[in-house]
1. Given the conditions (1) touching a residue at least 24 places away in the same chain (Cβ under 8 Å); (2) surrounded by fewer than 20 Cβ atoms within 10 Å (Cβ to Cβ); (3) closer than 14 Å to L35 by Cα, and given that A168 satisfies all but one, which numbered condition is not satisfied?
2. Identify all residues within the range 188-205 that are surrounded by fewer than 18 Cβ atoms within 10 Å (Cβ to Cβ) and not in a loop (DSSP other than H, G, I, E, B); write none if there are none.
3. Check whether at least one residue in the range 171-184 is surrounded by 18 or more Cβ atoms within 10 Å (Cβ to Cβ), modelled with pLDDT under 90 and outside any helix (DSSP H, G or I), and report yes or no.
4. When you go through I297, I315, I303 one by one, which is the residue that is in a helix (DSSP H, G or I), open to solvent by 30 Å² or more (accessible area, probe 1.4 Å), out of contact with any Lys or Arg (no Cβ under 8 Å at 6 or more places or on another chain) and at pLDDT 90 or above?
5. Taking helices (runs of 4 or more DSSP H) that do not extend beyond the range 29-121, which have at least 2 residues that are more than 19 Å from A174 (Cα to Cα) and open to solvent by 20 Å² or more (accessible area, probe 1.4 Å)?
6. Count, please, the residues in the range 128-144 that happen to be assigned to a helix (DSSP H, G or I) and more than 19 Å from the chain's Cα centre (by Cα).
7. Of all helices (runs of 4 or more DSSP H) completely enclosed by the range 341-447, which ones contain at least 2 residues that are open to solvent by 20 Å² or more (accessible area, probe 1.4 Å), under 26 Å from Y227 (Cα atoms) and in contact with a helix residue (DSSP H, G or I) (Cβ under 9 Å, 6 or more places away or on another chain)?
8. So P323 fits all but one of (1) at positive phi; (2) part of a helix (DSSP H, G or I); what number is the exception?
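The values are calculated or read from the model by the stated rules, or taken from the named source; none is laboratory data. Worth saying up front: this structure is predicted, and the values here are computed from it rather than measured. Note that each Cβ is placed from the backbone with ideal geometry, even for glycine, and that neighbours are counted across all protein chains shown. Just so you know, the surface numbers come from the protein's heavy atoms only, side chains and all, with ligands and any DNA or RNA stripped out. Shrake-Rupley method; radii C 1.70, N 1.55, O 1.52, S 1.80 Å.
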Amino acid sequence: MNNIEIKQKVVKSLIWKLMERGGSQGIQFIVQIFLARLLSPDDYGIIAIIAIFITIANVFVQNGFNTALIQDKETTEEDFSSVFYISIIVATILYAVLFFTAPIISKFYGIELLTPVIRVLAITLFFGAYNSIQNAIIARNMQFKLLFFSSLGSILISGAIGIAMAYAGFGVWALVAQQLSSQIMISVILTFILRWKPKLVFNVKRIIKLFDYGWKILVSSLIDTFYMNLRSLIIGKIYDPSILGYYNRGDQFPQIIVSNLNGSIQSVMLPALSSEQDNKERVKVMVRRAIVTSSFIVFPMMIGLSVVAEPVVHILLTDKWLPCVPFLQIFCLSYALWPIHTANLQAINALGHSEIYLKLEVIKKILGTIILVITMFLGVYAIAIGTLISGIISTFVNAYPNKKLLNYGYIEQIKDILPSLALSIIMGGAVYGIKFLGLGHTITLIVQVILGAIIYIALAKIFKLDCFEYLIEIFKGLISRKKRGK
């Protein structure tokens with residue numbers, strides 16, 4: 001496959017992945033708005049506490065082997081089945097651990113409801129084990145079109161269940177039903193459209209080989225997941241669930257937006273870069289393109305959202321959620337850096353240096369934990385600001401190895417993202433001034449969004465940003481192919 005064919009396949013895969021993430025996250029966003037209006041911050045705080053333990057358990061079930069299956073050039077059908085059985089065994093062990101420790105967790109937080117909710121929500125581990133294999137197959141073959149349909153279907157069904165139960169007064173159980181049914185439907189839909197079923201085979205030698213690469217990713221993911229949830233763990237213990245609900249709600253808005261793009265880049269980049277791992281010059285070009293393009297898209301979205309945070313929360317969630325506005329603004333700035341993290345880390349993984357990936361995670365988490373220990377005594381807003389500081393430091397840590405691996409150092413990366421950052425700051429400053437006109441929340445938000453888009457696109461065109469021209473060319477190419485019936 002030549003470079004043009006590879007580029008077309010990567011772009012097509014990225015578009016389908018963006019559609020899958022964008023469609024599912026868009027519907028999920030609407031579902032969450034309805035649920036937030038019907039449920040209380042306490043309900044979300046309870047789920048946020050439980051999510052800490054379920055998410056950490058899912059790392060053992062879904063990470064490590066999944067990445068190894070995608071990265072290894074010699075992966076066979078036997079490998080998928082072998083990893084599936086290992087994942088199910090791990091899921092069973094972890095479910096048992098969560099089932100029997102649920103009362104202890106409940107007593108620690110002083111919330112009796114945690115015990116039954118943990119025991120029900122932990123069932124998602126089994127469907128996550130199955131789904132991780134399905135995702136690995138799709139990623140290797142870049143069949144992201146299949147994920148689009150499965151995600152869309154699962155969100156529609158689970159969203160309807162969650163909203164109906166919330167309206168009927170089931171409280172936190174509405175969120176439990178929504179999350180559990182989502183995992184079930186994804187697995188079921190992919191079973192029918194992907195048509196993959198595990199075979200009665202198990203190859204110990206291949207498992208050992210995959211584990212030799214995957215355990216470093218597993219440990220890295222475990223460290224990262226525990227670290228990312230550590231703040232919620234501390235806030236949930238020190239403060240009441242409603243404060244954690246505000247904190248997580250402020251985190252959720254920018255996360256939904258950025259994880260759409262970031263998750264798409266991550267899913268497509270690893271198999272794409274892995275296929276070119278012997279050509280470092282080509283890998284560098286692809287990584288640079290990912291950083292430049294994602295920065296061009298994410299920076300204005302995050303800076304723009306931080307500026308319009310108050311009217312967005314007022315209109316969409318009602319005034320009972322206004323305390324989440326400062327958190328939302330802080331997290332917008334933090335999440336703006338995510339695609340840069342992803343591009344650098346995926347390059348390291350694709351080149352087969354999982355040991356470097358692990359070292360980076362250890363370094364970042366030590367630094368981040370030090371910042372957390374300092375900020376936790378200064379209040380919940382200080383904890384959120386500490387997240388931003390950690391993110392900035394992590395950007396430099398993640399980029400460091402690629403100076404040697406790809407000859408892509410700090411100066412070059414800063415030059416690549418600086419134009420988009422500068423235009424986004426200018427746009428944000430212009431849009432911020434609209435709030436002082438006294439137009440009311442709805443009119444202010446509409447004017448800010450329209451004006452922000454016009455200013456940013458106009459500046460990109462005036463200064464002839466390469467990434468802007470690149471996206472226009474891709475868009476024109478898609479229209480051209482559509483007209484030709486391709």
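1. Every listed condition holds for A168 apart from (1).
2. Selection gives V188, T191, F192, I193, V204, K205.
3. Checked the range 171-184: no residue is surrounded by 18 or more Cβ atoms within 10 Å (Cβ to Cβ), modelled with pLDDT under 90 and outside any helix (DSSP H, G or I).
4. Details: I297 fails: at pLDDT 90 or above; I303 fails: open to solvent by 30 Å² or more (accessible area, probe 1.4 Å).
Result: I315 is the single residue among I297, I315, I303 that is in a helix (DSSP H, G or I), open to solvent by 30 Å² or more (accessible area, probe 1.4 Å), out of contact with any Lys or Arg (no Cβ under 8 Å at 6 or more places or on another chain) and at pLDDT 90 or above.
5. Values: elements: 41-62, 65-71, 77-109, 114-121.
Result: 41-62, 65-71, 77-109.
6. Total satisfying the criteria: 4.
7. Details: elements: 354-375, 380-399, 401-405, 410-432.
Hits in the range 341-447: 354-375, 380-399.
8. For P323, the exception is condition (1).
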